[in-house]
Amino acid sequence: MSQTVVITGSSSGIGKTTAQYFHQQGWNVVATMRTPEKEQDLKEDDRMKLMRLDVQEPSTIEETVTKTIETFGHIDVWINNAGYGVMGPVEATTDVQVRRQFDVNYFGVFDCMRAVLPHFRERNAGTLMNISSVGGLLVLPLFGVYNSSKFALEGLTEGLYLDLSSTNIFVKLVEPGGVPTEFNGRSMDPTELTGSLTEYQSLVDNLQKVYSDPNTTKNSTPVDKVAKFIYDAATDGKDQLRYLIGKDAKQLWTLRRRLGYKTQIKLMRKAFKI
Ligand SMILES: NC(=O)c1ccc[n+]([C@@H]2O[C@H](COP(=O)([O-])OP(=O)(O)OC[C@H]3O[C@@H](n4cnc5c(N)ncnc54)[C@H](OP(=O)(O)O)[C@@H]3O)[C@@H](O)[C@H]2O)c1
């Protein structure tokens, strides 16, 4: 029997490339996105279906689960990939920005997990994968709010992993470093610096220079490599929770683990000149 994957946020970047990769491997793919009517690259066929899913609209999540089971009989892998990032000083983040960040990156995943898990438990099978970030393990300057949404996702996923210990359901986290997608463009929600917050302007200007420096991005991972990595992790049959990918991510995490957070932050402050 052919296998079925559902992926959120398949309109671009990691989600789209992963949808294409699973399809190439012969899987049934449900590529979900907020506006499937605009999709140009992913073409529907017997094994590729586009469905509307906005993680902020729980009814679209329920509908996706129901329609996928009607179409393909069952779901083997569900990948929570949809996400974006608030960028800027923590203090400059508005209430609307921080709540929306957690609505999409945390509560959206929570709602998807609760929608698909009854199906997985009924079959005592299935893989639930959440796309986190190395920023779910440590914080990068100006990403305090985005990274804290991924820290929360890490805790939630580890909790679920423990809850399902005695089942055949796999729970996994993929933690990429930098991946050149539209994430740093349209998926960035910058904070505004007004009034006394303009005191942060020089920090923001300085860090934007560092982030756009080719030296900073030289160890990022091409998106097709990430898609293959996600496929391999989703299908390896291993009871493994965390999968870190990227030379940059591995370097950062190794520094943190080996030297401790104080030294890692000292080195990062030096590198980022802050
Ligand atoms: N790129 C990186 O450097 C990097 C590193 C570590 C982790 N990640 C994580 O990887 C995931 C994918 O990011 P990407 O790099 O592929 O960025 P991307 O190309 O900008 O894709 C982001 C995707 O999330 C979708 N999305 C945003 N809000 C949504 C919502 N409310 N409901 C459903 N979909 C929504 C977007 O859909 P629309 O087209 O509708 O906006 C888009 O498909 C994210 O979770 C991100 O945090 C990325």
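The values are calculated or read from the model by the stated rules, or taken from the named source; none is laboratory data. Keep in mind that this is a model prediction, so the values were computed, not measured. Reconstructed Cβ throughout: ideal geometry from the backbone, glycine too, with neighbour counts over all protein chains shown. Note: areas computed on protein heavy atoms with side chains; ligands, DNA, RNA excluded. Shrake-Rupley method; radii C 1.70, N 1.55, O 1.52, S 1.80 Å.
Assorted remarks:
- Scanning segment 18-33 for residues that are among the hydrophobic types (A, V, I, L, M, F, W, C) and over 22 Å from Thr60 (Cα atoms) returns Phe22, Trp27.
- Number of the exception - Gly178 against (1) away from the ligand (no atom under 11 Å from the Cβ); (2) over 30 Å from Phe120 (Cβ atoms); (3) buried (at least 20 other Cβ atoms within 10 Å of the Cβ): (1)
- Within segment 52-59, the presence of a residue that is over 23 Å from the mean Cα position of the chain (by Cα) and surrounded by 19 or more Cβ atoms within 10 Å (Cβ to Cβ) is excluded.
- Checking Asp224 against (1) touching a Pro at 6+ places or on another chain (Cβ under 9 Å); (2) open to solvent by 60 Å² or more (accessible area, probe 1.4 Å); (3) touching a residue at least 12 places away in the same chain (Cβ under 8 Å), the condition it does not meet: (1)
Yes or no, residue by residue, for (1) in a helix (DSSP H, G or I); (2) over 17 Å from Met188 (Cβ atoms):
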| position | (1), (2) |
| --- | --- |
| Gln97 | yes, no |
| Phe102 | yes, no |
| Tyr106 | yes, yes |
| Phe110 | yes, yes |
| Met113 | yes, yes |
| Val116 | yes, yes |
| Phe120 | yes, yes |
| Ala125 | no, yes |
| Asn130 | no, yes |
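- Some residue of segment 234-247 being within 16 Å of the ligand (Cβ to nearest atom), among the aromatic types (Phe, Trp, Tyr) and surrounded by 14 or more Cβ atoms within 10 Å (Cβ to Cβ): yes
- The set of residues in segment 248-262 being open to solvent by 60 Å² or more (accessible area, probe 1.4 Å) and among the polar types (S, T, N, Q) consists of Gln251 alone.
- Among the numbered conditions (1) open to solvent by less than 50 Å² (accessible area, probe 1.4 Å); (2) more than 13 Å from the chain's Cα centre (by Cα); (3) within 13 Å of the ligand (Cβ to nearest atom), the only one that Asp103 does not meet is (1).
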